[in-house]
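What follows is a set of notes on a single structure, which appears directly below.
The values are calculated or read from the model by the stated rules, or taken from the named source; none is laboratory data. What you see is a predicted model, and the numbers here were worked out from it, not measured in a lab. Ideal geometry is used to build each Cβ from the backbone, glycine not excepted, and the neighbour counts take in all protein chains shown. Protein only, heavy atoms only, side chains kept; ligands, DNA and RNA dropped before computing areas. Shrake-Rupley method; radii C 1.70, N 1.55, O 1.52, S 1.80 Å.
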Amino acid sequence: MRIWLLAVMVGFMGLLATGAQKNDETPVLDARAAKVQLERVYEQIHPAAVRIETRPQGTGSGFFISADGLVLTAYHVIEDTDRFWVRTADEKRYPAEVVGYDALRDIALIKARVPGPVPFMELETAKPVRRSESLMTIGNSRGEFIAPRIGTVTNIGRTIRADFPGDLIASTMPLAPGDSGGPVLNTEGKVVAIAVAIGREQQDGQDVPVFQSYATPLLGLNNLIGQIRAGYRRDIPFMGVSLSQLTDDEARAYGLRQGGVVVLDLIEGYPAANSGLQPPRRLSENRVLADLILEVDGKAVQSSDELIAYVRSRQVGDTITLKVLRGSETVTVKITLTAKWRSS
């Protein structure tokens with residue numbers, strides 16, 4: 001299991017919407033009224049939330065979406081795990097298995113082997129989340145068990161990193177590692193998103209980065225969730241390379257060319273390890289021989305984010321061509337992309 005610690009911020013907004021919103025005439029509740037309503041929602045719905053326990057040791061969150069034990073969570077909660085279990089609000093623990101997932105959207109569906117019907121949550125895939133709307137996540141961070149975290153939406157459609165889902169919902173919900181995969185609920189008690197990340201980011205008018213939480217929205221995903229429920233599995237295309245973007249000063253310090261993406265390491269068992277790429281080698285105290293990726297499929301790349309975004313736009317099984325500068329030599333490397341998570 002990987003814990004995502006990204007970047008976030010924003011002040012709590014307790015303003016009553018003064019006019020009708022576009023395509024939605026329902027006013028946003030003020031923060032105080034919304035908090036009361038969300039606390040009521042929590043009391044009614046928290047038995048449908050779960051803690052996900054993984055091996056290697058890790059903790060995440062999730063929630064039942066059907067009486068027969070289907071659990072929706074974030075893909076990265078179960079990624080790279082050998083086995084995992086679902087612990088329910090009554091402290092019962094059940095083994096679970098993967099049903100399907102979309103790794104690019106960080107959504108996964110697992111099935112817990114429950115002995116009978118369980119309470120479940122209703123998904124909201126048609127109604128958009130709005131700025132200033134109060135939401136609640138139920139999660140398992142800070143040693144707490146199936147606990148509520150209430151906050152306000154600060155931004156919609158956020159993109160925080162190339163290797164993370166786009167169009168995220170940013171909010172002030174006080175999330176922490178262990179809350180990933182938890183349901184993000186509106187005041188109607190419906191799940192509008194899945195908690196996936198936390199961090200800090202600079203905002204207009206703010207001198208200091210502000211904490212925020214991020215969630216991947218369920219808006220418009222009804223068909224996709226149906227496909228995942230039927231066993232659809234969409235993997236992240238992966239080279240198996242650790243990358244870095246050197247600053248101009250770092251490049252000069254090591255005698256490397258400015259621009260391009262530096263290959264830091266090759267991950268054993270993935271295609272890049274046998275592609276001809278090489279990890280850095282120190283030639284002297286002030287000189288390092290490193291592979292700098294200059295182009296992918298004829299397109300210049302100036303940052304690791306650009307390269308990652310391009311790879312993620314391709315499919316597992318595609319072959320990409322890299323133009324690599326190694327010292328004074330330019331080499332061409334071909335890599336066939338594989339799935340990032342290859343379960344047995």
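Ordering Ser134, Ser244, Ser313 by accessible area with a probe of 1.4 Å, largest first, what comes out?
Heavy-atom accessible area, descending, gives Ser313, Ser244, Ser134.
What are the DSSP H helices in the chain that stretch 30 Å or more along their long axis, judged by alpha-carbon atoms, and whose average Kyte-Doolittle hydropathy comes to at least 0.0? Could the numbers behind the result be given before it?
Details: long enough: none.
Membrane-span-like by this rule: not one helix.
Under a 5 Å amide H to amide H cut-off, with H placed in plane at 1.01 Å, what residues pair with Leu243 once short-range neighbours are removed?
Leu264
Using only DSSP helix segments of four residues or longer, with each worth -39500 (n - 2.57), what per-residue ellipticity at 222 nm results for the chain after dividing by its residue count and rounding to 500? Before the final figure, lay out each step's value.
On the way: 5 runs with 42 residues, N = 344.
Dividing the helical sum by the residues of the chain leaves -3500 deg cm²/dmol.
Ordered by packing density, taken as the mean number of other Cβ atoms within 10 Å over each peptide's residues, highest first, how do 87-98, 68-79 rank?
Numbers: 87-98: 14.8, 68-79: 24.2.
Taking the mean over residues of other Cβ atoms within 10 Å, the ranking is 68-79, 87-98.
With +1 on each Lys and Arg Cβ and -1 on each Asp and Glu Cβ, and nothing else charged, work out how big the dipole of the chain is about its Cα centre, in Debye to the nearest 20.
Working: 39 positive and 40 negative charges, 103 e Å.
So the magnitude is around 500 debye.
Antiparallel versus total DSSP beta bridges in the range 109-253: what percent is that, nearest 5? Spell out each step's value before the answer.
Values: 26 of 27 bridges.
Just about 95 percent of them are antiparallel.
Over the chain, what is the relative contact order in percent, taking alpha-carbon pairs closer than 8 angstrom and at least six residues apart? Intermediate values should be presented prior to the final figure.
On the way: 896 pairs, mean separation 55.1, N = 344.
Once normalised by length, the contact order is 16 percent.
Would you please report the Å³ per residue occupied by the convex hull of the alpha carbon atoms in the range 70-151?
Hull volume over Cα atoms, normalised by residue count, gives 140 Å³.
I need two numbers for the chain: Rg to one decimal and Dmax as a whole number, Cα atoms only, in Å.
22.2, 67
If I model a spin label at Ala339 and Arg113 as a point 7 Å from the Cα along the Cα→Cβ vector, what separation in nanometres do I get?
2.1
Check which residues have an amide H placed less than 5 Å from Asp318's amide H, if you skip close sequence neighbours.
Close amide H contacts, sequence-distant or interchain: Leu337.
Go through 141-154, 176-189 and give me the packing order, highest mean Cβ count within 10 Å leading.
Numbers: 141-154: 19.2, 176-189: 24.9.
Those peptides, ordered most packed to least, come out 176-189, 141-154.
Have a look at Pro271, Pro209, Leu246 and report the one farthest towards the positive end of the charge dipole of the chain, computed about the Cα centre with Cβ charges (Lys/Arg +1, Asp/Glu -1).
Of the candidates, Pro271 comes out farthest on the positive side.
When the accessible area of the range 87-178 is split by element with a 1.4 Å probe, what percent falls to carbon and sulfur?
Working: 1730 of 3570 Å².
Carbon and sulfur atoms account for 48 percent of the accessible area of the range 87-178.
In whole Hz and in residue order, list the ³J(HN,Hα) couplings for the range 108-121 that follow from phi through the Karplus curve 6.51 cos²θ - 1.76 cosθ + 1.60, θ = phi - 60°; x for Gly and Pro.
9, 10, 10, 10, 8, 7, 7, x, x, x, 10, x, 9, 9
On full extension of the chain, what length is gained from Gln302 through Asp82, given 0.36 nm per residue of separation minus the C-alpha to C-alpha distance?
On the way: separation 220, 0.36 × 220 = 79.20 nm, distance 3.63 nm.
Net length gain for the segment: 75.6 nm.
Could you tell me the calculated FRET efficiency between Ala273 and Ser244, based on Cβ-Cβ distance and R0 = 25 angstrom, to the nearest 0.05? Provide the component values of the computation, followed by the final result.
Details: r = 18 Å, r/R0 = 0.70.
So the FRET efficiency works out to roughly 0.90.
Kindly report the accessible area of the chain per residue (heavy atoms of protein chains, probe 1.4 Å, no ligands, DNA or RNA), in Å². The partial results should precede the final answer.
Working: 16070 Å² over 344 residues.
Heavy-atom SASA per residue in the chain reads 47 Å².
Please give the charge dipole size of the range 48-133, origin at the Cα centre, charges +1 on K and R Cβ atoms and -1 on D and E Cβ atoms. Round to the nearest 20 debye.
On the way: 12 positive and 13 negative charges, 27 e Å.
Taking the Cα centre of the range 48-133 as origin, the dipole is about 120 debye.
So, R0 is 45 Å and r is the distance between the beta-carbons of Tyr232 and Glu329; what FRET efficiency does that work out to, to 0.05?
Numbers: r = 44 Å, r/R0 = 0.97.
It comes out at approximately 0.55.
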